[in-house]
Every structure is written in structure tokens, then in C-alpha cells.
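Remarks on the structure that follows.
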Amino acid sequence: ASCSKDDAEEAQPSLLIGKWNQVQTESILPGFPNLIVPYDVNVIGCEKNYYEFVAGGTTNLVEHYIANNVCKQYIQKGTWSQVGNKFTNNGGTIYTIESITNNELKFFYEQNIPTGGIQRTTSTFSR
């Protein structure tokens, strides 16, 4: 690996594999203040919600809730694939990895806004 390339350009699929807890989401839309939203929908007393990249191209979005005073899991299964520093989830949106280490993952996607401009949404995860 060349010293001139950054972590995102060198993003190896093996770094994505595993469980990731969402920390925050930041939305940037030209002409508006940046909107940073901490991820705070974890249920107290339950394991944190997480997104899991599984080797072989499957994903698990695991959300916890309480039913009859017991923590339960809702698991939404999906697929992922990666080429370089870009990956797709369920064959749809293309996400670009901004940075990745063993402990932190930042990725973003961009979309055209009907009123003009491009909105960029960056999600930050930790292990």
C-alpha cells in the first residue's frame, strides 16, 4: 500500500465486516446550517442497536425493543457489496467510505434535491 493513499481509498472489505453501532448522522445542504443528529434511539437496558456486515455479502440491521419487560430483537436482513471505497446496501444507494479504522466507520451518500443542490449525508459508526 502506498503512503500517499488514505484509509478510504484502501478500504478493505475485511474492515467493514462486523458489528457497528451508529453514533451520529450529519446532513449538509448548501444554503442551510449543517444538521448533526446524535443516534440516541437505543433502548435503556438492552444491547445497543447495530448494523452488521457479514462476510459473503449479507447484512443484519438489529434493533432492540422491550416486550413484556423483556429485551427483544428485530432483525432486518439484507445484502451488501463493495468495490474500492464504495459499497451498496441491498443493491440500491451507493455509499462512499470517507474513513475506516478497526474502531470507526464514516460513510456518506449524496442525492439531488428537487429545489436544487446536492444533499450530502454522512453517518458515523463505532464498534
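Quick notes
- Surface per residue (accessible, 1.4 Å probe) for the chain, Å²: 63 Å²
- Here's the picture: charge each Lys and Arg Cβ at +1 and each Asp and Glu Cβ at -1 in the chain, and of Tyr51, Val83, Val70 the one pushed furthest to the positive end of that dipole is Val70.
- Remark: region 98-112, residue by residue, has Karplus-estimated 3J(HN,Hα) of 7, 7, 8, 9, 5, 10, 9, 10, 10, 9, 9, 9, 10, 9, 6 Hz, where x stands for each Gly or Pro and the curve is 6.51 cos²θ - 1.76 cosθ + 1.60 at θ = phi - 60°.
- The residues neighbouring Cys46, those whose beta-carbon lies less than 15 Å from its own, together hold a net charge of 0 under the Lys/Arg +1, Asp/Glu -1 convention.
- Rolling a 1.4 angstrom probe over the chain with all protein chains present gives an accessible area of which 53% lies on carbon and sulfur atoms.
- With the convex hull constructed from alpha-carbon coordinates only, the chain shows a mean projected area of 9.9 nm² over all directions.
- Taking the Cα centre of region 38-127 as origin and assigning +1 to Lys and Arg Cβ atoms and -1 to Asp and Glu Cβ atoms, the resulting dipole is close to 100 debye.
- Using the Cβ-Cβ distance between Asn21 and Asn112 with R0 set to 22 Å, the FRET efficiency works out to roughly 0.15.
- Between Val83 and Tyr65, the contour length at 0.36 nm per residue exceeds the Cα-Cα span by 3.1 nm.
- Alpha carbon centroid spacing (whole Å) that separates region 94-115 from region 47-76: 22 Å
- Lys-Lys pairs in the chain that are eight or more residues apart or on separate chains and whose Cα atoms lie under 22 Å of each other come to 13.
The values are calculated or read from the model by the stated rules, or taken from the named source; none is laboratory data. Just so it is clear, the model here is predicted, and its values are computed rather than measured. Methodologically, a virtual Cβ is constructed for each residue, glycine included, from the backbone with ideal geometry; neighbour enumeration extends over all protein chains shown. SASA here: full protein model, heavy atoms, side chains in, ligands and nucleic acids out. Shrake-Rupley method; radii C 1.70, N 1.55, O 1.52, S 1.80 Å.
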